[in-house]
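The values are calculated or read from the model by the stated rules, or taken from the named source; none is laboratory data. Remember, it's a predicted structure, so these values are computed and weren't measured experimentally. We place every Cβ from the backbone using ideal geometry, glycine too, and count neighbours over all the protein chains shown.
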C-alpha cells in the first residue's frame, strides 16, 4: 500500500481527493509502454493489455510552441482499442465499440480549459463536460517541461463495499523539472476534478474496461495523447532532444 512519497522517478503519489474525504492507494505500477508516435503529429503513449479498474497516468512533457492553443494533453482511461475495425474476435458487437473510454483533457496548451468526454464508439465523442473543481488558469505549457496526471478511480461513498461514483481528476506540475530537467518539482495544481454518478457516464462499462467485460482483457488500454507535435523529436534516441520523461501508469483505488 502506497499513499504518500514519490515513485522511482520522483513523481509524487498524489492525494487530490483528501478534501472530499477519500485517500488513494497506488500499486501495480507500469513503466513500459508502446510508443505510437505518428507522422500526423499525434503522439500516443499506450499502456496495453492490463486491466486497471482505477488508473493514474503520469508523465513529463515539453510541448512545442507551434501547437495550437486549443490542443490538449489528454488521458484516455478505462478503455480499449481506438480503431474502426480493432482486433478480430468480438462475439458481441463491432470492434469500433470496444473503445468505450473516459477521455480527460487535462489542459490545453495555454492552461485554461480542461474537460472530460466519453467515447463509447470510436471515433464519436460526447460533448465536453466541465469540471466542478479546477485550479485553472495555470499559464502556458508551451516550450516548458510540465508534469501531467490523469486519474480515474471508483469511489464507494456509502461504505457498502461497492462503488457508486467515479472520480476523474487532472493535474499539472506547474514547476516542471528541476536540476537540469531531471527532478520533478511536484508543485501539482488540480485542473479537473469531478465525481460522477453512473447515470452521468455515457459508456457501456464504468467500473472496469468494457473489453474486460466481454472477455478481451488483452485489449484494455490507457493512453496519454498529445497531438500537433513533431514526430522526429519524439522518435529521437537522444534524451536531450526527446520531449518526454517518466511516463507511467499506476493502478489506484480508494482506501
| request: Could you list all residues from the stretch 234-252 that are surrounded by fewer than 20 Cβ atoms within 10 Å (Cβ to Cβ) and under 29 Å from residue 207 (Cα atoms)? | output: 246, 251
| said: Which residue is farthest from residue 135 (Cα to Cα), if the candidates are limited to the stretch 16-40 and must be more than 16 Å from the chain's Cα centre (by Cα) and in a loop (DSSP other than H, G, I, E, B)? | reply: 39
| task | Name the residue, out of 68, 51, 55, that is surrounded by 14 or more Cβ atoms within 10 Å (Cβ to Cβ), out of contact with any strand residue (DSSP E or B) (no Cβ under 8 Å at 6 or more places or on another chain) and in contact (Cβ under 8 Å) with a residue 12 or more places away in the chain. | result | 51
| Hits in the stretch 227-241 - residues which are farther than 24 Å from residue 69 by Cβ and assigned to a loop (DSSP other than H, G, I, E, B) | 236, 237, 238, 239, 240, 241
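Residue-wise test of (1) over 20 Å from residue 124 (Cβ atoms); (2) at pLDDT 95 or above; (3) assigned to a strand (DSSP E or B).
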{"residue": "168", "(1), (2), (3)": "no, yes, yes"}
{"residue": "181", "(1), (2), (3)": "yes, yes, no"}
{"residue": "190", "(1), (2), (3)": "yes, yes, yes"}
{"residue": "193", "(1), (2), (3)": "yes, yes, yes"}
{"residue": "202", "(1), (2), (3)": "no, yes, no"}
{"residue": "211", "(1), (2), (3)": "no, no, no"}
{"residue": "218", "(1), (2), (3)": "yes, no, no"}
| message | What's the number of the only condition in (1) under 24 Å from residue 202 (Cβ atoms); (2) touching a helix residue (DSSP H, G or I) at 6+ places or on another chain (Cβ under 9 Å); (3) modelled with pLDDT under 95 that residue 41 fails to meet? | response | (1)
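Mind listing whichever residues of the stretch 41-63 are within 28 Å of residue 253 (Cβ to Cβ) and in a loop (DSSP other than H, G, I, E, B)?
Passing the criteria: 49, 50, 51, 52, 53, 54.
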